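Let me begin by presenting the structure, written as structure tokens, before commenting on it.
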Amino acid sequence: MMSVETEIRFKLNGREVSLKVPVAMKTLAMLRDKLGMTGTKYACGEGECGACTVEVDGRTVNSCLMYAVDCDGRELVTIEGLRTPEGLHPVQQAFVDHGAVQCGFCMPGMIMQAKNLIENNPGLTREEAQRGLEGNLCRCTGYTKVLDAVEAVVSGKSCGSRP
Ligand code: FES
Ligand code: FES
């Protein structure tokens, strides 16, 4: 069967990207299979687990549900875009410091969601963080250490909160 492709252009982690994608391809598949950005994970594929969370124009989305063609003209940030030459992003560092990472499979999505919550909600409380992370499922941690890490970044008590 012939696959219809269309050309899209968007910004990915600060760099301009231009490529052809099948019209039925999802953003997650484009990131992983076309662009080699395998940090964003495939788990449920149905918008239920948050493993595939990325930012699109500053808002978090489940990339397994979004069509790649809808990335045209947008700005995407994935987990690969958080690290700088100076080191891990403060949220990543806090997750490490607080032992919030076990098998790690949920972590790219969890960290993207946590970062977005922290950036958009000054003074984010632990309860608000818990609600905001409800769409990100983890089979390992029980969430306590995840919330400890988020709380430490918000309160500035984590070395992960350095600028
Ligand atoms: S893989 Fe997208 S929400 Fe689970
Ligand atoms: S650390 Fe294993 S699923 Fe979250």
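Please work out which one of (1) in contact (Cβ under 8 Å) with a residue 60 or more places away in the chain; (2) more than 16 Å from ligand 1 (Cβ to nearest atom) is the condition Gly109 fails and give its number. Of the numbered conditions (1) in contact (Cβ under 8 Å) with a residue 60 or more places away in the chain; (2) more than 16 Å from ligand 1 (Cβ to nearest atom), the odd one out for Gly109 is (2). Here Val23 passes the criteria (1) within 16 Å of ligand 2 (Cβ to nearest atom); (2) touching a residue at least 40 places away in the same chain (Cβ under 8 Å); (3) surrounded by fewer than 19 Cβ atoms within 10 Å (Cβ to Cβ) except the one numbered (1).
Selection within segment 36-66: residues that are away from ligand 1 (no atom under 11 Å from the Cβ) and loosely packed, with under 15 Cβ neighbours inside 10 Å. The member of this set that is nearest to Leu12 (Cα to Cα) is Asp57. The residue that is farthest from ligand 1 (Cβ to nearest atom), among those in segment 1-26 that are more than 26 Å from Pro85 (Cβ to Cβ) and not in a strand (DSSP E or B), is Met2.
Applying the condition of being among the basic types (Lys, Arg) and more than 16 Å from ligand 1 (Cβ to nearest atom) to segment 124-149 and asking which residue is surrounded by the most Cβ atoms within 10 Å (Cβ to Cβ) yields Lys145. Restricting attention to segment 65-101, the residues that are away from ligand 2 (no atom under 16 Å from the Cβ) and out of contact with any Asp or Glu (no Cβ under 6 Å at 6 or more places or on another chain) total 23. The set of residues in segment 118-157 that are within 13 Å of Phe95 (Cα to Cα) and of a type outside the set (D, E, K, R) comprises Thr141, Tyr143, Thr144, Val146, Leu147, Ala149, Val150, Ala152, Val153, Val154. Just wondering, is there one or more residues in segment 70-86 that are over 30 Å from Thr6 (Cβ atoms), within 14 Å of the chain's Cα centre (by Cα) and not β-branched (Val, Ile, Thr)? Within segment 70-86, one or more residues are over 30 Å from Thr6 (Cβ atoms), within 14 Å of the chain's Cα centre (by Cα) and not β-branched (Val, Ile, Thr). Which members of segment 122-141 meet the condition of being over 18 Å from Thr53 (Cα atoms) and within 17 Å of the chain's Cα centre (by Cα)? Matches in segment 122-141: none. Counting only strands (runs of 3 or more DSSP E) wholly contained in segment 27-78, the ones carrying 1 or more residues that are touching a Cys at 6+ places or on another chain (Cβ under 8 Å) occupy 53-56, 59-62. Is it fair to say Gly73 is modelled with pLDDT of 95 or more and surrounded by fewer than 14 Cβ atoms within 10 Å (Cβ to Cβ)? Answer is yes for this residue.
Taking the criterion of being touching a residue at least 60 places away in the same chain (Cβ under 8 Å) and within 10 Å of ligand 2 (Cβ to nearest atom), the residues of segment 120-155 that qualify are Asn136, Leu137.
The values are calculated or read from the model by the stated rules, or taken from the named source; none is laboratory data. Owing to the predicted nature of the structure, the values given are computational and were not obtained by experimental measurement. Here the Cβ is made from the backbone with ideal geometry for all residues, glycine too, and neighbour counts use every protein chain on show.
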